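Taken together, the values in this text are just the output of simple stated rules run on the coordinates, not laboratory data. None of the values given here were measured: they were computed from a predicted structure. We place every Cβ from the backbone using ideal geometry, glycine too, and count neighbours over all the protein chains shown.
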Ligand code: SAH
C-alpha cells in the first residue's frame, strides 16, 4: 500500500487545530518535530480535497492577521520506500508494566504480553501517547474490573482489543466506522491468535450488550457525541477509558461524561493529551 506524507511547517510549536482537523479527516499517524508536523494518510485518500481545505484555513488565518500561518507540501510514498521507513521506525516498544508492542518481523520478548501489530494499515501502533495511555490505564484498573465483556470503540489497528484478549477478557468486541481499520483489526487479531476479538464495522450502535470495560480513543468532539451511549453500555461496576483528548478540551469532555450520568474517576495526562477514566455514580441505577 502506498501512503501520502503531508509536511506542514507551522509557526506554532503545536498547532492543535490542525492536528485535530487532520485526525478527524483520517490521518493514520503524526510525527511532530520542532515547527514541522508530518502527517500520513492512506494512498487512496482524497489528498487534493484536503489540500484545498487547508489552503482555505491558511487564507482565513492570513486575513485575520493570525500568526499561525503554515506552508505545506505532500508526496506519495510508494510501497517499497514506505516499508523500509516502517522497518527502521518500528522497533519493539515496551508500554506499561507488561506490554511490548512489536511489528511482525521482530522477535517476541519472553515474559511480557506481546502485541503484534502490522504497522501501516490503521492508527494504533503504540507510538502515540493516547494509545499508550489507554494501555497503562487498562493495566491500572485491571483488578477492579470483571474480565468478561470488553468494548474497543474506534479500534483502529485493533491494538487495545488484542491487549484485552491477552489480559484475559472473555469476549471482546471491536468496532470502527472505517472499513479499512476494521479489516486491519481483523488481520491483527488473527496475527495475535486472539479468536475472542470480534470486529464489527460501525460504531457503538453496532453493539447491544453492556461491558465491563470500554476504551474509546477517538477525538473530543466524537467522545462528546458518544458519551451517553458509552454510559448506557457500561456495566454498573464497569470502567470507561476515554482518550484522544487535547488538554484544553478535557473539561468539555468531562462535563459530557457527567451529563451522561457517569463520574470522572481519574484524569491521566501524557504530554498534551488527557485520558479520562469514567465509572457509574454509585447512586446511579441501571
Ligand atoms: N484504538 C486505537 C485507534 C484509535 S484511532 C488506538 O488506541 O490506538 C481512532 C479510530 O476511531 C479510527 O480508526 C477511526 O476510524 C475510529 N472512529 C472515528 N469515529 C468513530 C465513531 N464514531 N465510532 C467508531 N469509530 C470511530
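Calculate, for residue 53 and residue 251, the FRET efficiency according to 1/(1 + (r/R0)^6) with r their C-beta to C-beta distance and R0 30 Å; round to the nearest 0.05. It would help to have the intermediate numbers written out before the result.
Details: r = 28 Å, r/R0 = 0.93.
The calculated FRET efficiency here is 0.60.
On a 0 to 90° scale, report how tilted helix 129-140 is relative to the longest principal axis of the chain, with both axes built from alpha carbons and the result rounded to the nearest 10.
10 degrees
For the chain, modelled as a Gaussian network with Cα springs under 10 Å, which listed residue fluctuates most, 227, 65, 161?
Comparing 227, 65, 161 in a Gaussian network model of the chain, the most mobile one is 65.
How would you classify the chain from its alpha-carbon gyration tensor, with a ≥ b ≥ c the square roots of the eigenvalues: rounded for a/c under 1.5, else prolate if a/b is greater than b/c, otherwise oblate?
Details: a/c = 1.91, a/b = 1.27, b/c = 1.50.
It comes out oblate by the Cα gyration axes.
How much length is gained if the chain between residue 193 and residue 148 is pulled fully straight, taking 0.36 nm per residue apart and subtracting their Cα-Cα distance, in nm to one decimal?
On the way: separation 45, 0.36 × 45 = 16.20 nm, distance 1.84 nm.
Extra length available between residue 193 and residue 148 comes to 14.4 nm.
Mind giving me the FRET efficiency for residue 177 and residue 67? R0 is 41 Å, r the Cβ-Cβ distance, nearest 0.05 is fine.
Details: r = 36 Å, r/R0 = 0.87.
In this case the efficiency is close to 0.70.
Order the peptides 51-60, 136-145, 199-208 from the highest to the lowest mean number of other Cβ atoms within 10 Å of their residues.
Working: 51-60: 13.0, 136-145: 16.8, 199-208: 15.0.
The densest-packed peptide leads the list: 136-145, 199-208, 51-60.
Once you order the gyration tensor axes a ≥ b ≥ c over the Cα atoms, which shape class does segment 96-186 get: rounded for a/c under 1.5, otherwise prolate or oblate by comparing a/b with b/c?
On the way: a/c = 1.65, a/b = 1.10, b/c = 1.50.
Cα axes put segment 96-186 in the oblate bin.
Cut-off 10 angstrom, C-alpha nodes, Gaussian network model of the chain. Which of 194, 163, 182 fluctuates the most?
194
Helix-derived [θ] at 222 nm for the chain: sum -39500 (n - 2.57) over DSSP H runs of at least 4, divide by residue count, nearest 500?
Details: 8 runs with 95 residues, N = 286.
Roughly -10500 deg cm²/dmol at 222 nm, from the helical runs in the chain.
For a quick check, take a GNM of the chain with Cα springs below 10 Å and name the residue from 215, 155, 177 with the largest mean-square fluctuation.
It is 177.
How high is the relative contact order of the chain, in percent, with contacts defined as C-alpha pairs under 8 Å that are six or more residues apart? Before the final figure, lay out each step's value.
Numbers: 563 pairs, mean separation 37.2, N = 286.
It comes to 13 percent, rounded to a whole number.
When a/c reaches 1.5 or more, the comparison of a/b and b/c decides; with that in mind, is segment 191-286 rounded, prolate or oblate per its Cα gyration tensor?
Details: a/c = 1.71, a/b = 1.19, b/c = 1.44.
Since a/c reaches 1.5 but b/c is at least a/b, the shape of segment 191-286 is classed as oblate.
Using alpha carbons only, how many degrees (0 to 90, rounded to 10) separate the axis of helix 250-259 from the longest principal axis of the chain?
The helix 250-259 is inclined about 40 degrees to the chain.
Fewest Cβ neighbours within 10 Å first, please rank 127, 233 accordingly.
Details: 127 17, 233 21.
Final ranking by Cβ density, sparse to dense: 127, 233.
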